[in-house]
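Encoded as structure tokens, the structure appears first; notes follow it.
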Amino acid sequence: MIVTLLVAAAAAGWVDAVVGGGGLLLLPALLLAAPQLPLPTALGTNKLAAICGTSTAAYTYARRTKIDWGVAGPSAALALLCAGCGALLAGSIPAGAYRPVVLAVLIAVAVFVTVRPAMGLAEHMEKRTALRRGLAVAVAGGVIALYDGLIGPGTGTFLVLAFTTIVGADFVHGSAMAKLVNTGTNLGALIVFAATGHVHWWLGAGMAVCNIAGAVVGARMALRKGSGFVRIVLLVVVLALIVKLGVDQIRMA
């Protein structure tokens, strides 16, 4: 069980640092390897590992690339609050209530990214209007952060796409901003889960070390290989999310 979770944590850190979606690997692994954990405890332990990885990736990006703090800063601050609210609701809303909506959005994202191969490969600064900046903050720091507090898988991917489509960031800079906001969402949710006793600290600490290692490698690889590489990983992660949610939906039917 321990080895499985440590490997999953390292892989999740890499995926999260490149394009988000590490929860797709880590949360299911946690639920399968430690079925005795209640769902809120699994979510809280996952957040402990995830915040270590996302904050490490955010630091790596911030040192090596330019970040639009005018968008990322307010988004991260709002995300801290909204993710905490989502965590308070975790377990009270069944996954089946929102799974079909998330699945439909992911399919639309996959089609959109596929038919627009140039999206995210270059920055479009003309999109950085005041209205679009405000919309990006509301979507990333509000809607997506609330979803992350509730359950979370795919949050980083949604954040990258939000910054790419709304304010014209390329995939590398979109990933950099996403890591900052994802750190805020993880912290907000972790505070709530910790306050309610839903964190397995020893298990989460071990997973955090591996998550950090994966995050460092992933962030450096994304910066070195550029937006084209991130786009490919993005499509793979989105398709994997579609398959997982589709299978879950069929099982629930």
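So for segment 132-141 (the condition being modelled with pLDDT under 90, touching a helix residue (DSSP H, G or I) at 6+ places or on another chain (Cβ under 7 Å) and open to solvent by less than 20 Å² (accessible area, probe 1.4 Å)), does at least one residue qualify? No, segment 132-141 has no match at all.
If you go through segment 63-80 and keep only what is within 21 Å of K225 (Cβ to Cβ) and buried (at least 17 other Cβ atoms within 10 Å of the Cβ), you end up with just I67. When V181, V160, V167 are checked against the criterion of being farther than 19 Å from L30 by Cβ, touching a residue at least 40 places away in the same chain (Cβ under 8 Å), touching a Lys or Arg at 6+ places or on another chain (Cβ under 8 Å) and buried (at least 24 other Cβ atoms within 10 Å of the Cβ), a single residue qualifies: V167. Residues in segment 29-47 that are in contact (Cβ under 8 Å) with a residue 60 or more places away in the chain, surrounded by fewer than 24 Cβ atoms within 10 Å (Cβ to Cβ) and closer than 26 Å to A76 by Cα: P40, T41. The set of residues in segment 106-116 being modelled with pLDDT of 80 or more and in a loop (DSSP other than H, G, I, E, B) is empty.
Name the residues in segment 120-131 that are out of contact with any Asp or Glu (no Cβ under 7 Å at 6 or more places or on another chain) and open to solvent by 40 Å² or more (accessible area, probe 1.4 Å), would you? Outline the logic, then answer.
Here is the first cut: in segment 120-131, the ones out of contact with any Asp or Glu (no Cβ under 7 Å at 6 or more places or on another chain) are 124-131.
Result: H124, M125, E126, K127, T129, A130, L131.
Here V199 fulfils each of the conditions (1) touching a Leu at 6+ places or on another chain (Cβ under 6 Å); (2) assigned to a helix (DSSP H, G or I); (3) of a type in the set (A, V, I, L, M) apart from (2). G23 fulfils the conditions (1) farther than 25 Å from L235 by Cα; (2) in contact (Cβ under 8 Å) with a residue 60 or more places away in the chain except for a single criterion, (1).
Just one of the listed residues (L43, L26, L31) is modelled with pLDDT under 80 and either outside any loop (DSSP other than H, G, I, E, B) or within 16 Å of the chain's Cα centre (by Cα) (or both), and it is L31.
Regarding V3, is this residue modelled with pLDDT of 80 or more, farther than 19 Å from V237 by Cα, surrounded by fewer than 17 Cβ atoms within 10 Å (Cβ to Cβ) and over 13 Å from the mean Cα position of the chain (by Cα)?
Details: modelled with pLDDT of 80 or more: yes; farther than 19 Å from V237 by Cα: yes; surrounded by fewer than 17 Cβ atoms within 10 Å (Cβ to Cβ): yes; over 13 Å from the mean Cα position of the chain (by Cα): yes.
For V3, the condition - modelled with pLDDT of 80 or more, farther than 19 Å from V237 by Cα, surrounded by fewer than 17 Cβ atoms within 10 Å (Cβ to Cβ) and over 13 Å from the mean Cα position of the chain (by Cα) - is met.
Do you know which residues across segment 72-92 are closer than 21 Å to A176 by Cβ and within 17 Å of the chain's Cα centre (by Cα)?
Filtering segment 72-92 down to residues closer than 21 Å to A176 by Cβ leaves 72-80, 82-83.
Within segment 72-92, A72, G73, S75, A76, A77, L78, A79, L80, C82, A83 qualify.
No other residue among M207, M125, M177, M119 is more than 20 Å from A42 (Cβ to Cβ) and modelled with pLDDT of 90 or more apart from M177. Only a single item in (1) surrounded by fewer than 19 Cβ atoms within 10 Å (Cβ to Cβ); (2) over 20 Å from P28 (Cα atoms); (3) in contact with a Gly (Cβ under 9 Å, 6 or more places away or on another chain) is not met by M221, and it is number (3).
Pick out the one residue from V238, V216, V230, V243 that is part of a helix (DSSP H, G or I), free of Cβ contacts under 8 Å to residues at least 12 places away in the same chain and either closer than 22 Å to V109 by Cβ or open to solvent by 20 Å² or more (accessible area, probe 1.4 Å) (or both). Steps first, please.
Numbers: V238 fails: free of Cβ contacts under 8 Å to residues at least 12 places away in the same chain; V216 fails: free of Cβ contacts under 8 Å to residues at least 12 places away in the same chain; V230 fails: free of Cβ contacts under 8 Å to residues at least 12 places away in the same chain.
The unique qualifying residue is V243.
The values are calculated or read from the model by the stated rules, or taken from the named source; none is laboratory data. Bear in mind the structure is a predicted one, so any value in this text is a computation, not a measurement. We place every Cβ from the backbone using ideal geometry, glycine too, and count neighbours over all the protein chains shown. Ligands, DNA and RNA are excluded from the accessible area calculation, which covers all protein heavy atoms including side chains. Shrake-Rupley method; radii C 1.70, N 1.55, O 1.52, S 1.80 Å.
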